[in-house]
Amino acid sequence: MTSATATSAPPNAGPVRQTAAAASTTDLSGSPLRVALLGCGVVGSEVARLLTEQAVDLRARVGRPLELVGIAVRRPNRSRPGIDPALFTTDAASLVTRPDVDLVIEVIGGIEPARSLILAALANGASVVTANKALLAEDGATLFTAAEQAKADLYFEAAVAGAIPIIRPLRESLVGDEITSVIGIVNGTTNFILDKMDTDGAGFAETLAEAQELGYAEADPTADVEGFDAAAKAAILASLAFHTRVTAADVYREGISEVSSSDISSAKAIGCVVKLLALCQLSDPSTSGRDRSVSVRVHPAMIPRSHPLAGVGGAYNAIFVESRSAGRLMFYGPGAGGSPTASAVLGDLVTVARNRVRGAVGPGESSYAARPVAAIGSVTTRYHLSLEVADVAGVLARIAQVFAEHDVSIQTVRQNGRGAEASLVIVTHRATDAALSATVASLHELDVVRDVTSVMRVEGE
Ligand code: HSE
């Protein structure tokens with residue numbers, strides 16, 4: 001195993017093996033940079049295809065050829081048209097520790113063996129490009145430390161929102177600014193489902209079934225519909241935006257399986273649309289002094305139809321960033337799929353290859369701010385509540401009293417009477433999650449309240 005921190009190449013290293021310390025000038029010798037690919041599914045096969053198809057342009061952009069030297073797969077005999085079968089190996093560990101491998105692309109996903117393979121590749125001095133959001137969100141710190149020690153690159157544009165450039169803008173373009181909020185639609189499956197529910201008026205279960213038939217949702221849709229996928233992406237975005245470490249376990253998470261067609265129509269009635277949002281926010285300096293915390297959460301929310309994120313339809317993704325100097329920025333595009341994700345992977349590959357050629361490394365982890373993650377109970381937002389109540393004198397007053405007791409201020413009330421019963425829609429001003437939860441618990445105890453049929457956050461104002 002070689003180390004990128006060594007000052008000279010070991011005897012068994014290939015002619016292109018170089019270290020950050022050794023390569024102080026641009027190497028235009030034309031000898032190839034050797035690439036190992038881990039995984040050959042939807043994304044990996046597209047990466048392999050593009051590496052061959054665009055070899056001439058990639059060579060020109062990097063300054064040296066990129067040579068794919070091996071592809072680690074579980075089933076080497078599976079037909080993968082257009083890819084040389086001689087490249088396949090089931091021995092991923094040997095592939096990433098080959099002394100002549102300069103760049104490793106990891107697109108197998110999951111925690112293990114991906115983590116061990118990436119760590120082995122970095123220890124071997126290779127730079128790594130990964131699309132692995134789950135691993136970065138669970139244990140990014142270990143990977144960043146290993147990259148730092150190896151003086152190698154760790155790039156991961158494809159880990160969040162597919163083809164949309166958002167990692168590099170946060171990590172580089174906006175690094176001189178103070179980002180205060182990142183709000184994203186970062187899961188295409190759930191956006192497709194919610195958009196269809198909004199358009200067709202259908203319920204969650206039937207829309208999910210339709211999304212599965214059309215190939216937009218997996219047979220086991222848990223990771224998408226319960227918000228795990230979005231929570232991993234939120235952890236990565238918050239870590240980068242706020243120069244801190246946020247893991248998936250720090251992210252408050254609710255999925256969309258409880259969103260009903262009546263939630264969608266209630267949203268419409270107040271000029272909103274329901275979206276699954278990943279919200280990463282820096283606390284206000286006036287309320288939190290020098291130790292500003294971050295809140296990171298994933299949940300369905302109503303947003304005004306005038307908000308830039310409201311128009312993001314189908315399986316598209318978008319990320320809305322607010323920063324002190326730049327103001328409001330919106331990043332939009334395809335957030336998944338073989339070809340869009342391969343575009344992000346290849347963008348990273350060219351970047352780390354260029355760095356290699358110049359003997360440089362790109363930015364490492366920036367977590368100096370070490371901000372605390374706020375508990376969900378202290379996070380403030382507005383709420384939309386639907387209640388079924390008895391339609392008798394004094395009911396509104398008793399309900400308003402419960403809100404007042406918990407210091408939750410009501411913004412609007414709408415009532416539809418239907419004889420002895422009525423449905424009530426209440427929208428609040430900003431309140432903490434803890435105060436709202438206590439309000440809802442107290443409402444359940446009122447004899448005039450038949451049911452609290454829905455509680456949803458209202459964001460984006
Ligand atoms: N399953 C994800 C989505 C794509 O639906 O957006 C990969 O993160």
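What follows draws every value from the coordinates through simple rules; no lab data is involved. Please read all numbers here as calculations on a predicted model, not as lab measurements. All Cβ positions, even for glycine, are placed from backbone atoms using ideal geometry, and neighbour counts span all protein chains on display.
Let's see if you can work this out: charge +1 on each Lys and Arg Cβ, -1 on each Asp and Glu Cβ, no other charges. What is the dipole magnitude of the stretch 378-458 about its Cα centre, in debye to the nearest 20?
320 debye
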* Which value, in debye to the nearest 20, gives the size of the charge dipole of the chain about its Cα centre, when Lys and Arg are +1 and Asp and Glu are -1 at the Cβ? -> 1420 debye
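Antiparallel versus total DSSP beta bridges in the chain: what percent is that, nearest 5? All intermediate terms of the calculation are to be shown ahead of the outcome.
Values: 54 of 77 bridges.
The antiparallel fraction comes to roughly 70 percent.
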* Burial ordering of 391, 229, fewest other beta-carbon atoms within 10 Å first -> 391, 229
* To do: Treat the count of other C-beta atoms within 10 Å as a stand-in for reagent exposure and order 154, 95 from fewest to most.
  => 95, 154
* Relative contact order for the chain, counting Cα pairs under 8 Å that sit 6 or more residues apart, in percent -> 16 percent
* Could you please state, rounded to a whole Å, how far the C-alpha centre of the stretch 88-111 is from the C-alpha centre of the stretch 318-350? => 26 Å
* Counting Lys and Arg as +1 and Asp and Glu as -1, what is the net charge of the other residues whose Cβ lies under 13 Å from the Cβ of residue 223? -> -2
* To do: For the chain, just list the percent of Cα-Cα distances falling in each 20 Å bin from zero outward, please.
  => 24, 49, 22, 6, 0
* Asked: Once you charge only the Cβ atoms, +1 for Lys and Arg and -1 for Asp and Glu, what is the size of the charge dipole of the stretch 243-374 about its Cα centre, to the nearest 20 debye?
  -> 400 debye
* Alpha-carbon centroids, the stretch 246-303 and the stretch 374-420: separation in whole Å -> 20 Å
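What number comes out for the charge environment of residue 311, summing +1 per Lys or Arg and -1 per Asp or Glu over other residues with Cβ under 14 Å away?
Counting the neighbours of residue 311, the net charge comes to 0.
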* Structure fact -> Normalised Cα Rg of the stretch 378-458, dividing by 2.2 N^0.38 Å with N its residue count, works out at 1.01
* **Inverse of mean 1/r across different Cα pairs in the stretch 131-180, Kirkwood, Å** => 12.0 Å
* Asked: Leaving out same-chain residues fewer than 8 places away, which lysines sit with a Cα under 29 Å from that of residue 151?
  -> 133, 233
* Give, in whole angstrom and from largest to smallest, the semi-axes √(5λ) of the equivalent ellipsoid of the stretch 285-411, with λ running over the eigenvalues of the Cα gyration tensor. => 44, 23, 12
* What residues qualify as long-range amide H neighbours of residue 411, i.e. H under 5 Å apart, gap of 5 or more or another chain, H built at 1.01 Å from N? -> 427, 428, 429
* Asked: With the Cα gyration tensor of the stretch 111-200 giving a ≥ b ≥ c as the square roots of its eigenvalues, does the rule (a/c under 1.5 for rounded; else a/b larger than b/c for prolate; else oblate) give rounded, prolate or oblate?
  -> oblate
* Hey, what did the stretch 376-461 get for relative contact order, percent, Cα under 8 Å, at least 6 apart? -> 47 percent
* Given q = 0.16 Å⁻¹, what are the Debye log10 I(q)/I(0) values for the stretch 176-334, with equal point scatterers placed on the Cα positions and solvent ignored? -> -0.87
* Just from its helices, what would the mean residue ellipticity at 222 nm be for the chain, if runs of 4 or more DSSP H residues each count -39500 (n - 2.57) and the sum is divided by every residue, rounded to the nearest 500 deg cm²/dmol? -> -10000 deg cm²/dmol
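Note down the net charge around residue 383, summing +1 for each Lys or Arg and -1 for each Asp or Glu among other residues with Cβ under 10 Å from its Cβ.
+2
Apply the a/c threshold of 1.5 to the C-alpha gyration tensor of the stretch 215-266 and tell me whether it is rounded, prolate or oblate.
Details: a/c = 2.88, a/b = 1.76, b/c = 1.64.
Since a/c reaches 1.5 and a/b is larger than b/c, the shape of the stretch 215-266 is classed as prolate.
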* Asked: What list of ³J(HN,Hα) couplings, whole Hz, do you get for the stretch 427-441 from phi and the Karplus terms 6.51, -1.76, 1.60, once you set θ to phi - 60° and write x for glycine and proline?
  -> 10, 9, 6, 4, 8, 6, 4, 5, 5, 5, 4, 5, 4, 5, 4
* Using Cα positions and a limit of under 16 Å, work out the aspartates and glutamates in reach of residue 275, with same-chain residues fewer than 8 apart set aside. => 195, 198, 200, 224, 226, 229, 254, 258, 263, 459, 461
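Given contacts defined as C-alpha pairs under 8 Å and at least six residues apart, what's the relative contact order of the stretch 166-253, whole-number percent? Show your work: numbers first, answer last.
Working: 71 pairs, mean separation 26.7, N = 88.
That works out to 30 percent.
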* **Span from the the stretch 60-87 Cα centroid across to the the stretch 432-461 one, whole angstrom** => 55 Å
* Furthest towards positive pole of dipole, 56, 43, 32, structure part the stretch 25-95, Cβ charges -> 43
